[in-house]
Amino acid sequence: MKALASIALATVAIGSAYADASTKNLSLTLGVGFPTGDTKDAGVSTSFFGGLDYSLGMLGDGSNAQSFVGIGAFFGSGDNSFKTQSYGIHYGVMFGLGDANASMPLYVKLRGGYYSTRLTTEIVEVATESTTKGGFGFTAAIEWHQPSTSGNNFSIEAGYYMMPKVSGVSNNGWYAAISFPLGK
């Protein structure tokens, strides 16, 4: 939990530093994950997600797709001594579903990039074993943008995530998040 608070604080600080130079190009995303498979079997019922994305703009003239780059992290701990942490950088695209000016614009949001995943297990009360592996990770989601005339809109996304497998332990599941624009 301390790690998530530290990431969120650092993200807000970095975002605020760049916000003056941007016009809503940065967004802060915070969410909760629901692991499946091996991670859930190890006792992790929920995880936390944080990220900071920078919009690169539309993909071509007349396109309803936009691209972005960013950083992200997932943190989870089980009811036993098992913990998982994933940090990484990603490139993403969002494709509009229908008219982007509609009252409820929906998007398909895809992120993919390099993530480092660390699994930690307490062997005895004073010793721990950690294994770290880097590799491809991704998220795929449906995102809803709240319509706003002031430009201070937020978005809600729900989807699936997959982080690198470590020592045969899968690190994937479902997630829900909310994003806030940073800047003027």
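The values are calculated or read from the model by the stated rules, or taken from the named source; none is laboratory data. This is a predicted model, so every value here is computed, not measured. Cβ: placed from backbone, ideal geometry, glycine included. Neighbour counts: every protein chain shown. To get the accessible areas, we keep the full protein, side chains included, count just its heavy atoms, and leave off ligands, DNA and RNA. Shrake-Rupley method; radii C 1.70, N 1.55, O 1.52, S 1.80 Å.
Applying a threshold of 8 Å to beta carbon distances and a minimum spacing of six or more residues, or different chains, the list of pairs starting in region 27-48 at a residue that is without any contact (Cβ under 8 Å) to a residue 40 or more places away in the chain and ending at one that is surrounded by fewer than 20 Cβ atoms within 10 Å (Cβ to Cβ) and part of a loop (DSSP other than H, G, I, E, B) reads G43/G78; G43/D79; G43/N80; G43/F82; S45/G78; S45/D79. Once region 78-96 is narrowed to residues that are at pLDDT 85 or above and small (G, A, S), the residue that is surrounded by the fewest Cβ atoms within 10 Å (Cβ to Cβ) is G92.
For region 151-164, a residue qualifies if it is among the hydrophobic types (A, V, I, L, M, F, W, C) and open to solvent by less than 40 Å² (accessible area, probe 1.4 Å), and exactly one does: M163.
Among the residues of region 38-58, write down those that are closer than 21 Å to G113 by Cβ and either open to solvent by 40 Å² or more (accessible area, probe 1.4 Å) or of a type in the set (K, R) (or both). If the condition is that a residue be closer than 21 Å to G113 by Cβ and either open to solvent by 40 Å² or more (accessible area, probe 1.4 Å) or of a type in the set (K, R) (or both), then F48, Y54, L56, M58 are the ones that fit. D61 meets all of the listed conditions (1) of a type in the set (D, E); (2) at pLDDT 85 or above; (3) assigned to a loop (DSSP other than H, G, I, E, B) but one, namely (2). For Q66, state whether it is more than 25 Å from F154 (Cα to Cα), assigned to a strand (DSSP E or B) and open to solvent by 20 Å² or more (accessible area, probe 1.4 Å). No. Close contacts from region 53-66, counting a first residue that is touching a residue at least 40 places away in the same chain (Cβ under 8 Å) and a second that is hydroxyl-bearing (S, T, Y), with Cβ to Cβ under 8 Å and a gap of 6+ residues or different chains, come to D53/S27; D53/T29; D53/S179.
Can you find a residue that is under 20 Å from G51 (Cα atoms), surrounded by fewer than 15 Cβ atoms within 10 Å (Cβ to Cβ) and at pLDDT 80 or above anywhere in region 165-173? No, there is no match, as no residue in region 165-173 is under 20 Å from G51 (Cα atoms), surrounded by fewer than 15 Cβ atoms within 10 Å (Cβ to Cβ) and at pLDDT 80 or above.
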